[in-house]
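J.: Would you mind keeping the following structure in view while I ask a few things?
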Amino acid sequence: MTKSQLIDIVAKKAHLTKKASSDAIEAIFEEVTRSLAKGDKVVISGFGTFYVSQVRDKQVVPFGDESKRQTIRGHKVINFRVGKPLKKAVW
């Protein structure tokens, strides 16, 4: 599903214009992004939880060639933990 398809579906189901639906979806995405950027969790009941975690530095050796040893610097990643209702619906 694309963002434009989501906008169309929300507009139809909520009896909104496409503009109003687009504005609502944009507001949701902006707030989720803002919260994750601050390091907060985003919990959507029945759907799941988005959260940020820190990955440590790690050493990698491509194909066992010690001369090519590299360090991958630590960084943040966004994770998603699926909620029970969504899990049940999909599996």
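The values are calculated or read from the model by the stated rules, or taken from the named source; none is laboratory data. Bear in mind the structure is a predicted one, so any value in this text is a computation, not a measurement. Ideal geometry is used to build each Cβ from the backbone, glycine not excepted, and the neighbour counts take in all protein chains shown.
J.: Which residues, taken from region 1-46, are in a loop (DSSP other than H, G, I, E, B) and over 12 Å from the mean Cα position of the chain (by Cα)?
T.: Within region 1-46, Met1, Thr2, Ala14, His15, Leu16, Thr17, Gly39, Asp40, Ser45, Gly46 meet the criteria.
J.: Another question about this same structure. If you check every pair at least six apart or on different chains, which have Cβ atoms under 7 Å apart with a residue in region 1-14 that is more than 14 Å from Phe29 (Cα to Cα) first and a residue that is among the β-branched types (Val, Ile, Thr) and in a loop (DSSP other than H, G, I, E, B) second?
T.: The qualifying pairs are Ala11/Thr17.
J.: Could you please give the count of residues in region 25-59 that are more than 23 Å from Val82 (Cα to Cα) and out of contact with any strand residue (DSSP E or B) (no Cβ under 7 Å at 6 or more places or on another chain)?
T.: Here the count works out to 1.
J.: Here's another thing I want to ask about it. Checking Thr49 against (1) modelled with pLDDT under 95; (2) under 23 Å from Ile7 (Cα atoms), only one condition comes out false. Which one?
T.: (1)
J.: Find all pairs meeting these conditions: Cβ atoms under 8 angstrom apart; at least six residues apart or on different chains; first residue within region 39-56 and in contact (Cβ under 8 Å) with a residue 40 or more places away in the chain; second residue of a type in the set (A, V, I, L, M) and surrounded by 11 or more Cβ atoms within 10 Å (Cβ to Cβ).
T.: Close Cβ pairs satisfying both conditions: Gly46/Leu86.
Per-residue answers, yes or no, for (1) outside the structural domain of Ile28 (by TED's automatic domain parsing); (2) charged (D, E, K, R); (3) within 19 Å of Phe29 (Cα to Cα):
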| residue | (1), (2), (3) |
| --- | --- |
| Phe50 | yes, no, yes |
| Val60 | yes, no, no |
| Asp65 | yes, yes, no |
| Lys68 | yes, yes, no |
| Val77 | yes, no, yes |
| Lys87 | yes, yes, no |
| Val90 | yes, no, no |
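J.: Separate question: Return the residue satisfying two criteria in turn: it lies in region 54-88 and is surrounded by fewer than 10 Cβ atoms within 10 Å (Cβ to Cβ) and of a type in the set (Gly, Ala, Ser), and of such residues it is modelled with the lowest pLDDT.
T.: Of everything passing the filter in region 54-88, Gly64 is modelled with the lowest pLDDT.
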